[in-house]
Amino acid sequence: MKTNTSNTKKWDTLEQDGIPIYSGPIVAAALSVLLGLLTLVVTHHISRLTKGLDQMIHSYGYWIPGSTGTGPDGSIGSYSGKETLALLVWGVLWPLLHYLWRKQDFSLSALIPLVIWALIFLMLGLFHPLIDPVVLFIAGFFGYAVP
Amino acid sequence: MTNPMIDSHQLTKFLIRFQAICALVLLIMISGLDLFFPTQYALKAAVHGISAISALVVATYMTHRAYFLLRGGRIHYESLRNWALGATVLNFLGAVSGNWIYMRYRGQDGPRDWILQNVPNFHNVLMEFKEFISLFPFPLMVIATFTLFYYKDRINLRHDMKQFMAILMMAAWFFLMLGFMSGLILAKLRFV
């Protein structure tokens, strides 16, 4: 009977045809997406504090057609800047983390509850009646207190 | 008593496909008929509605495949790869067309102005929630699609990876459903 005496596998990294299967690339993809979505939530709340901050965030999105304009056809306004910043965070972090973790193995069983809770947190972070008091409380530390 | 003239296997297959096609056509008509609405933004509305409904239908189908992945079962990965890619493309179309129709929503005398004047919370709470939550499914589907293409059939060896992917698909469906439902309510409240 064949015995495996050199079992140095971390977590449950398995091999097929001699190629180990690392979970690093999945973790890199998931983390970059979560941070991109967090950027979306944070920039949204920042843009609501003052007109100046809204214009600053809007300026990142000028490259998107329809980001500026008035009249009946309208425009997407600072939503374009929030999307751009979120895409930027996602787009920069994903290849970087992928490169760093492509041969690393992480426990996905530990990551699953973290991702679920992060998504719930992000979702609730978009529900104004719940999050607005928290945002205003934090903004108060930076001198953006609204009466 | 069975009728030897009827192949029950073929009949079942036909009826399943017939039911699915009927449901899809009728669902798409909810937004497809926007094209004939008396507004100059009919095309934008129809494109967004049709892509959103299609994305939801494909994502719903995929959650049924996800149950097998959750249990660690082996499925036809090549087919799942194609479905995941299709769902990602449809989610992308939904997001892009959403941006397109959102312009008119915010336009002069558009739905936003009307809602803010009459029922402000539908904009301040529901729309502000919807416009961001609708962006969640696309990147989640991108991760699932990337995983399927990156690991190919070897993913079958890792139960935790299959489970993680299934949860991503379920989460994408959940956010898609939230965005779809909010969009439908807002469109019913004040059409573009």
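Every number in this text was worked out from the coordinates using simple rules, so none of it is lab data. Note that the structure is predicted; figures quoted are calculated from it, not measured. Cβ placement follows ideal geometry from the backbone for every residue including glycine, while neighbour counts extend to all protein chains displayed.
For residue B:164, are the conditions met, namely being assigned to a helix (DSSP H, G or I) and more than 8 Å from chain A (Cβ to nearest Cβ)?
Criteria not met by residue B:164.
Scan the range B:82-98 for residues that are of a type outside the set (Val, Ile, Thr) and out of contact with any Ser or Thr (no Cβ under 8 Å at 6 or more places or on another chain) and jot them down.
Residues satisfying the conditions are B:82, B:83, B:86, B:91, B:92.
Determine if the range A:134-145 includes at least one residue that is surrounded by 13 or more Cβ atoms within 10 Å (Cβ to Cβ), hydroxyl-bearing (Ser, Thr, Tyr) and outside any loop (DSSP other than H, G, I, E, B). Walk me through how you get there before you give the answer.
Keep residues of the range A:134-145 that are surrounded by 13 or more Cβ atoms within 10 Å (Cβ to Cβ), which gives A:135-136, A:139, A:144.
Filter again for hydroxyl-bearing (Ser, Thr, Tyr), leaving A:144.
Still in the list and also outside any loop (DSSP other than H, G, I, E, B): none.
There is no residue in the range A:134-145 that is surrounded by 13 or more Cβ atoms within 10 Å (Cβ to Cβ), hydroxyl-bearing (Ser, Thr, Tyr) and outside any loop (DSSP other than H, G, I, E, B).
With the checklist (1) within 30 Å of residue A:67 (Cβ to Cβ); (2) of a type in the set (Val, Ile, Thr); (3) not in a helix (DSSP H, G or I) in hand, flag the one item residue B:6 doesn't pass.
Exception for residue B:6: condition (1).
Please enumerate the residues belonging to the range B:79-107 that are surrounded by fewer than 20 Cβ atoms within 10 Å (Cβ to Cβ) and charged (D, E, K, R).
Selection gives B:81 alone.
Among B:141, B:169, B:127, which is out of contact with any Phe, Trp or Tyr (no Cβ under 9 Å at 6 or more places or on another chain) and more than 7 Å from every other protein chain (Cβ to nearest Cβ)?
Details: B:141 fails: out of contact with any Phe, Trp or Tyr (no Cβ under 9 Å at 6 or more places or on another chain); B:127 fails: out of contact with any Phe, Trp or Tyr (no Cβ under 9 Å at 6 or more places or on another chain).
Step by step, each of B:141, B:169, B:127 is checked, and only B:169 is out of contact with any Phe, Trp or Tyr (no Cβ under 9 Å at 6 or more places or on another chain) and more than 7 Å from every other protein chain (Cβ to nearest Cβ).
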